[in-house]
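Engineer: Let me give you the structure first, and then I'll get to my questions.
The values are calculated or read from the model by the stated rules, or taken from the named source; none is laboratory data. Owing to the predicted nature of the structure, the values given are computational and were not obtained by experimental measurement. Positions of Cβ are backbone-derived with ideal geometry, glycine not excepted, and every protein chain shown enters the neighbour counts. Remember, those area values only see protein heavy atoms, side chains included, never the ligands or the DNA or RNA. Shrake-Rupley method; radii C 1.70, N 1.55, O 1.52, S 1.80 Å.
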There are 2 protein chains.
Amino acid sequence: MNKISNNPVYDISLSYQKTAALNAAIKLDIFTAIGKHCLTVEQIADVTGGSLRGVRILCDFLCVIGLLEKNTNLYNLSVDAKRFLDRTSPHCLADVIDFLAAPEIVSMIIDDPPSYVIAGGASGLTKISPDSPVWVKFARAMIPFASVAAKRITAYIAKKAMQPRTVLDIAAGHGLFGIEVANAISDALVMAIDWDNVLEVARRNADLAGLANRYKTTSGNAFEVDWGDNYDLILLPNILHHFDQDGCVHLLSKAKDSLSIDGSVFVIDIIPNPDRVSPPEQAAFAFRMLATTPKGDAYTCAEYETMSRAAGLTLVDSMQLLPTHQTLLEFKV
Amino acid sequence: MNKISNNPVYDISLSYQKTAALNAAIKLDIFTAIGKHCLTVEQIADVTGGSLRGVRILCDFLCVIGLLEKNTNLYNLSVDAKRFLDRTSPHCLADVIDFLAAPEIVSMIIDDPPSYVIAGGASGLTKISPDSPVWVKFARAMIPFASVAAKRITAYIAKKAMQPRTVLDIAAGHGLFGIEVANAISDALVMAIDWDNVLEVARRNADLAGLANRYKTTSGNAFEVDWGDNYDLILLPNILHHFDQDGCVHLLSKAKDSLSIDGSVFVIDIIPNPDRVSPPEQAAFAFRMLATTPKGDAYTCAEYETMSRAAGLTLVDSMQLLPTHQTLLEFKV
């Protein structure tokens, strides 16, 4: 429950204020400050560098939206905030707001909403140059989100007794998907493709995981660069949703051409039910693609099957990467 | 229920997308289009001028946030949308989004949330010049919101058998509060004070109500212009929350000096409980004032009592203006 009005028109008209308040609280790290002890406004202001008036009003708002609790003059974390917003929690998701509510993306979505509904898309993310630092910020911000999914992918590989020796990670970003596979398969070699500045993040994460000598990178646009061939496993994590079906078929075809005999392609993506209005998180995702890409979408499983057939691939299995809202689809030639 | 994720960090981080989607749907008047019959994507696109892709994705998102319902390929209004968003409904609130999510205000709140928490306020609305057309837009946008409250105020006047002959409406905006009083009291004369361009909206509303010969206006800043004296009723509707307590005492003192013997001051405002975290809508309002004014606030009833005492006024009665989230406080000398 995070309503600020029982009237849905008011609540939704004002919903952007919730994003703003959460963003301010994360940037001032109010949740970690309160995580140690219940604190007064004066103490929170002192620890976080906020003003008394600003902290008092922000913390009261955070109580309204269910992230804090107030007992006379002391603020405490709600159960959700303790788990997901206190930086000492292993489940902390605080950094995801740097991607989900990045100023560049918020602006694309909220500045002129009728425009992309009328046009059927927006240049959006494609206007950001490949070497923009924003891609590095995004790669970093999505680590809490991706690390959970990455562990589920290795569970899938273990369950199926797969032993990929060569792994290709397309639009690797933070690199966590390929890195987790290499962690699990002790002789697997990973090739990651992404923009050069983003690959620095992936390489650092690979180094931190002790994989420097099994981790290689190729910089450039996944549509244009040579992927190489004979990979046992090709990962397409959260990339296809940015493109129209022709673009997806193009990338799936490149994947097929780069596979070893009996190799697998893993599409990791956000896949709504056939009705396209459930589950909420997956169904809602298409709107983000409408507002921030020319022709991206949240494709259904049936659409992925159609696209993969056009690329010469067959869906062989799938798994929801719970508790995230991503799904793994496994394809083979 | 308008959640797009069961995880509150994701849901709140993405809440601004809900505002954007509602805004697009209202601007394309999708709710009124669907209000007549259940429609397909193709029909909605045809009626509203949206693209097929844009309308399909927007309507699916509106299903996720509870404003539409989808039955195979037909979209219908939810109960809430039928009541509050179809322009043929007498309860339609669609226009309020032009104020609640006005681009000027969204930008103040969402562009740099830590800034106003650290500073304890923002120049915000005070940076907008008095003759900006935005004030006219705001006055118009708040009519659905104000008209309900205005009718409750006249009910209060009737209940107390008040017969104000002279009414002063400070920062009148759309003018509806003074206009409803003049509608109810057949010989009441109204003086409205606001910026000149906003008064055009109030005068037009007074004309439409057939009150042209009982409606006078004075343009200017309420802190600076002469209010005149001997008013039986002085209205301070949704103005005090923009200022600090000194500013409120200043305006309440001017009100006291302009009252007739036995006259009443009505403060109509958004007043949270003493705990400042309930009810949700009233408590959340302070955050909007933090982000958009230097020192405004959602004052509690006790604070209004303290401020009115400093101005030589006494609280004599109050009423919640249900179903709105505003409260009427009546003061006398």
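Engineer: Roughly how large is the A-B contact in terms of buried accessible area, totalled over both chains, probe 1.4 Å, nearest 100 Å²?
Structural biologist: Answer for the A-B pair: about 6700 Å² buried.
Engineer: Starting from 0.36 nm per residue, how many nanometres of slack lie between residue A:43 and residue A:88 once their C-alpha separation is accounted for?
Structural biologist: Contour length minus the Cα-Cα distance gives 14.3 nm.
Engineer: Sticking with this structure for a sec: Assuming R0 = 45 Å, can you tell me the calculated FRET efficiency for the pair residue B:156 and residue A:71, based on Cβ-Cβ distance, to the nearest 0.05?
Structural biologist: Plugging the Cβ-Cβ distance into 1/(1 + (r/R0)^6) gives 0.80.
Engineer: While we're looking at this one, here's another question. Could you pull the accessible area for residue A:195 with a 1.4 Å probe, rounded to 10 Å²?
Structural biologist: The accessible area of residue A:195 comes to roughly 80 Å².
Engineer: Mind checking the per residue accessible area of the stretch B:1-90 for me, 1.4 Å probe, whole number of Å²?
Structural biologist: 37
Engineer: Can you give me the % of accessible surface on the protein assembly as shown that is carbon or sulfur? Probe 1.4 Å, all protein chains present, nothing else counted.
Structural biologist: It is 53 percent, rounded to a whole number.
Engineer: Please figure out what share of the DSSP beta bridges in chain B is antiparallel and state it in percent, rounded to the nearest 5.
Structural biologist: Here the antiparallel bridges make up roughly 45 percent for chain B.
Engineer: Right, next: Give B:151/B:216; A:332/B:3; A:160/A:254; A:151/A:216 a once-over and call out the pairs whose C-alpha atoms are over 28 Å from each other.
Structural biologist: Long pairs (Cα-Cα over 28 Å): A:332/B:3.
Engineer: Averaged over peptide B:84-95, how many Cβ atoms belonging to another chain are found within 10 Å of each residue's Cβ?
Structural biologist: For peptide B:84-95, the averaged partner shielding equals 1.
Engineer: Please say if chain B is rounded, prolate or oblate, where rounded means a/c under 1.5 for a ≥ b ≥ c the square roots of the C-alpha gyration tensor eigenvalues, and otherwise the choice is prolate for a/b larger than b/c and oblate otherwise?
Structural biologist: prolate
Engineer: If packing is taken as the average number of other Cβ atoms within 10 Å across a peptide's residues, how do B:13-24, B:101-112 rank, most packed first?
Structural biologist: B:13-24, B:101-112
Engineer: Considering only B:313, B:287, B:260, whose Cα is most displaced toward the positive end of the charge dipole of the stretch B:259-333, charges sitting on Cβ of Lys, Arg (+1) and Asp, Glu (-1)?
Structural biologist: Working it through, the farthest residue towards the positive pole turns out to be B:287.
Engineer: So, by mean Cβ neighbours within 10 angstrom, what's the order for A:295-303, A:158-166 with the highest one leading?
Structural biologist: Most protected by this proxy first, the peptides run A:295-303, A:158-166.
Engineer: So how far, in whole Å, is the C-alpha centre of the stretch B:216-267 from the one of the stretch B:2-20?
Structural biologist: 41
Engineer: Something else about it: Counting partner chain Cβ atoms within 10 Å of every residue's Cβ in A:62-71, what's the average?
Structural biologist: 4
Engineer: Hey, for a label at residue B:208 modelled as a point 7 Å past Cα toward Cβ, could you say which residues of the stretch B:140-160 have their backbone N under 20 Å away?
Structural biologist: Once the point is set 7 Å along Cα→Cβ of residue B:208, B:140-154 turn out to lie under 20 Å by backbone N, inside the stretch B:140-160.
Engineer: In whole Å, what is the distance between the alpha-carbon centres of the stretch A:25-50 and the stretch B:61-114?
Structural biologist: Each part's Cα centre sits 34 Å from the other's.
Engineer: Still on this model: For residue A:231, which sequence-distant residues (separation of 5 or more, or a different chain) have an amide H within less than 5 Å of its own amide H, given hydrogens modelled in the peptide plane?
Structural biologist: The answer is A:259, A:260.
Engineer: Got the relative contact order for chain B handy, in percent, Cα pairs under 8 Å and 6 or more residues apart?
Structural biologist: 13
Engineer: 5 Å is the cut-off here: which amide hydrogens, built 1.01 Å from N in the peptide plane, fall below it relative to residue B:87, excluding neighbours closer than 5 in sequence?
Structural biologist: Close amide H contacts, sequence-distant or interchain: B:32.
Engineer: Still on this model: Does a label point 7 Å from the Cα of residue B:80, set along Cα-to-beta-carbon, have any residues of the stretch B:50-74 with amide nitrogen under 19 Å, and which are they?
Structural biologist: Those under the cut-off are B:58-71.
Engineer: By the gyration tensor of its Cα atoms, with a ≥ b ≥ c the square roots of the eigenvalues, what is the shape of the stretch B:166-265: rounded for a/c under 1.5, prolate for a/b over b/c, or oblate?
Structural biologist: Taking the square roots of the gyration eigenvalues as a ≥ b ≥ c, the stretch B:166-265 is oblate.
Engineer: Shifting gears a bit: Quick one: length gained pulling residue A:262 to residue A:148 fully straight, 0.36 nm per residue minus the C-alpha distance?
Structural biologist: Here the segment from residue A:262 to residue A:148 would lengthen by 38.3 nm.
Engineer: Please work out how much accessible surface residue A:200 shows to a 1.4 Å probe, ignoring ligands, DNA and RNA, in Å² rounded to 10.
Structural biologist: Estimated to the nearest 10 Å², residue A:200 gives 100 Å².
Engineer: Out of residues 5 or more away from residue B:218 or on other chains, whose amide H comes under 5 Å of its own, with H placed 1.01 Å from N in the peptide plane?
Structural biologist: B:192, B:193, B:194
Engineer: What dipole magnitude, in Debye to the nearest 20, does the protein assembly as shown give about its Cα centre under +1 on Lys/Arg Cβ and -1 on Asp/Glu Cβ?
Structural biologist: That gives a dipole near 920 debye.
Engineer: Further question: If you take the square roots of the eigenvalues of the alpha-carbon gyration tensor of the stretch B:279-333 and sort them as a ≥ b ≥ c, do you get rounded (a/c under 1.5), prolate (a/b over b/c) or oblate?
Structural biologist: oblate
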